[in-house]
Amino acid sequence: MRVFSLESVIEEFEALTKDAGRLQRETLRKILEQNGEAEYLQSLGLGGRTDPGSFKACVPLATHSDLQPYIQRIVDGETSPILTGKPITSISLSSGTTQGKPKFIPFNDELVHSTMQIYRTSFAFRNREYPIGNGKALQFIYSSKQVKTKGGLTATTATTNVYRSKQFKHTMKDIQSQCCSPDEVIFGSDFQQSLYCHLLCGLIYSDEVQLVSSTFAHSIVHAFRTFEQVWEELCEDIREGVLSSRITIPSMRAAVSKLLRPNPSLAYSIYNKCASLSNWYGLIPELWPNAKYVCGIMTGSMEPYLKKLRHYAGSLPLMSADYGSSEGWIGANVNPSLPPESATFAVLPNIGYFEFIPLKRPEEQGEENSASTIHYVEAEPIGLAEVEVGKEYEILVTNFAGLYRYRLGDVVKVAGFHNSTPELQFICRRSLVLSINIDKNTEKDLQLAVEEAAKLLAAEKLELVDFTSHVDTSTDPGHYVIFWELCSKTAEDVLRSCCNCLDLSFVDAGYVSSRKVGAIGPLELRVVRKGTFHKILDHYLGLGGAVSQFKTPRFVSSSNSNVLQILNRNVSGCYFSTAYGM
Ligand code: AMP
């Protein structure tokens, strides 16, 4: 019988973070000892040394493309130790939404293990402040396609690798978060059908549901937008005890049908609750009266969905989940009561060796620049114990799955310390999205500009469903294009004002000066028809992506022609900014 105690999880975390610097050195030693015979490390001349100094002197910083040739040989089935001592057991496909194509990343049991440690840690802290009872979780989780590589390894998304693992079920039980839906729903091959069944199972167990969650907040918002369309059908299924004919996958039908009995009183109660809601405000607590909170990653590129999520969550608190990537986890949210906008992630010093590249503002950029418009000068990477509160860093990961000084591409800020381990705030992806000449804008800059312009929509009670951007260089000079999907038809004059507001909200000095002298043309707002972003999601799923890891690409380059075509074919209106008089 396994005994799981929240106090012991907290105690363990307190112990791990007591002397994080020492534990980091030990973790590095373990990683290098385990993998010392791997070809990659051998070729760098470490010669069995495992101390941070030798490691930094011998091992170069690596991007994904530096490691790609090694990973490719693993994918192709070479079994000699290439990146790790023990063989890699499967391959993760990262969402790759930004680049437009998935990346291969090594995966092994160590990653499952650290994922569970992260889940348990944040749950223990969350449960201390927001205790949940025994029950179930309405989890919008989806596996993605699993394919065999030429070398016989399973390649699938990192989340699927985790859901497949034995430990996942144990941990969900430990943290009282067992999914309402059977495995046939999570592992179903059609996302729309899985989503419908998740909603249905959630309703069947509506009194038992203690929390609503997903990996990224986007999936929760997407689920309830869908609920608005299908709620009557769900009620009918519950009333009659017969699953809708839209579920055609036999295993899913069988598994969900087993849970269905005709239940007219439940159907009647759900129907009345839905009918009484005003614009679906507070939908979650109304239908799941025992839910204590809504949980998922809500930071970074998920922030634009917070408004809608709060609308559905009504009085329920939002808990921002942990920070990690397909490449490995980094930190757990141990301050659950902070609102998602200021969520922090305490680094777990035993799951990897973390370094931080200090990012400094160039001299000419004054303090008045917002966090996002800073473009950085790099200094030498420093260790976890040396970071300073208030400073920003790019994070480097070395872990048990064959990544060494790997540039994750994320910018984080140190918000404080938990014992001696830093608590990080996610700032943004490092890469620029919008840039034509001297202008520089990150995803975050785009998000801020869109938020500013969307205020004009809110004043008209209109809602932005999703957005992305593109640089159009087919015009001379080139110009920024912002794509918007809106909930309902919007007056032309409002959209013209939004377009001007967007143009003026890119405050990066390079952009402003280029616009003033006409080196960048007027910003263009292209409004796309309802459902366009759903088509983009479907496109990525077709490439083997997973809904559980989906992040709307905030920039679509010309080389990503499929997505660009989806967008352009669905344009219903175009507006050019007159903000700079041309
Ligand atoms: P993936 O490649 O699909 O595994 O996505 C990993 C990326 O998602 C990270 O590098 C981050 O940019 C982003 N991400 C993951 N967790 C968080 C979080 N808690 N807050 C903000 N962004 C996150």
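According to the calculation over all Cα-Cα pairs in the chain, the P(r) per 20 Å bin from zero is 19, 53, 26, 1 %. Estimated translational diffusion coefficient (Stokes-Einstein, Kirkwood radius over Cα pairs, 25 °C, 0.890 mPa s) of region 34-110: 180 µm² per second.
Taking region 76-165, which GluC sites (Glu not before Pro) meet the DSSP loop condition and have no more than 14 other C-beta atoms within 10 Å?
Values: sites: GLU78, GLU110, GLU129; in loops: GLU78.
The qualifying sites are GLU78.
Please give the net charge around LYS530, taking every other residue with its beta carbon less than 13 angstrom from that of LYS530, where Lys and Arg add +1 and Asp and Glu add -1. Before the final figure, lay out the partial values.
On the way: positive: ARG225, LYS489, ARG529, LYS535; negative: GLU228, GLU463, ASP466, GLU485.
Local net charge: 0.
Partners of LYS30 within straight-line reach, counting lysines whose Cα lies under 22 Å from its Cα and excluding those fewer than 8 residues away in the same chain: LYS18, LYS56, LYS86. Taking other residues whose beta carbon is less than 11 angstrom from the beta carbon of ASP472, and scoring Lys, Arg as +1 and Asp, Glu as -1, yields -1.
Restriction of the trypsin sites (Lys or Arg not before Pro) in region 496-582 to DSSP coil positions whose beta-carbon has at most 13 other beta-carbons within 10 angstrom yields ARG529.
Quick check on the chain: helices-only [θ] at 222 nm, where DSSP H runs of length 4 and up contribute -39,500 (n - 2.57) each and the sum goes over total residues. Nearest 500, please.
Numbers: 20 runs with 223 residues, N = 582.
One gets -11500 deg cm²/dmol as the mean residue ellipticity at 222 nm.
Between the alpha-carbon centers of region 290-348 and region 113-141, tell me the distance in whole angstrom. Cα centroid to Cα centroid, the span is 12 Å.
With contacts taken as Cα pairs under 8 Å at a separation of at least 6 residues, region 197-312 carries a relative contact order of 42 percent. The eigenvalues of the Cα gyration tensor, multiplied by 5 and square-rooted, give region 438-501 an equivalent ellipsoid with semi-axes of 22, 14, 10 Å from largest to smallest. Distance between the C-alpha centres of region 465-530 and region 535-582: 14 Å, rounded to the whole angstrom.
By DSSP, what percent of the beta bridges with both residues in the chain are antiparallel, rounded to the nearest 5? Walk me through the numbers before you get to the answer.
Details: 53 of 74 bridges.
Of all bridge pairs located within the chain, approximately 70 percent are antiparallel.
Electrostatic bookkeeping for ARG515 treats Lys and Arg as +1 and Asp and Glu as -1; over the other residues with beta carbon under 9 Å from its beta carbon, the sum is -1.
Name the chymotrypsin sites (Phe, Trp or Tyr not before Pro) in region 267-371 that are in a loop by DSSP and that have at most 13 other C-beta atoms within 10 Å, would you?
Details: sites: TYR268, TYR271, TRP280, TYR281, TYR293, TYR305, TYR312, TYR323, TRP329, PHE345, TYR353, PHE354, PHE356; in loops: TRP280, TYR281.
Sparse-neighbourhood loop chymotrypsin sites (Phe, Trp or Tyr not before Pro): TYR281.
With the alpha-carbon atoms of region 528-569 aligned to their principal axes, the span from lowest to highest coordinate is 26, 24, 17 Å, starting with the largest.
Contact order for region 35-91, expressed relative to its length and based on alpha carbon pairs under 8 Å spaced 6+ residues apart, stands at 50 percent.
Read the figures in this text as sums done on the coordinates, not as results from a lab. All figures in this text were calculated on a predicted structure; none of them were measured in a lab. Neighbour counts are summed over all protein chains in view; Cβ atoms, including those assigned to glycine, are modelled from backbone coordinates with ideal geometry.
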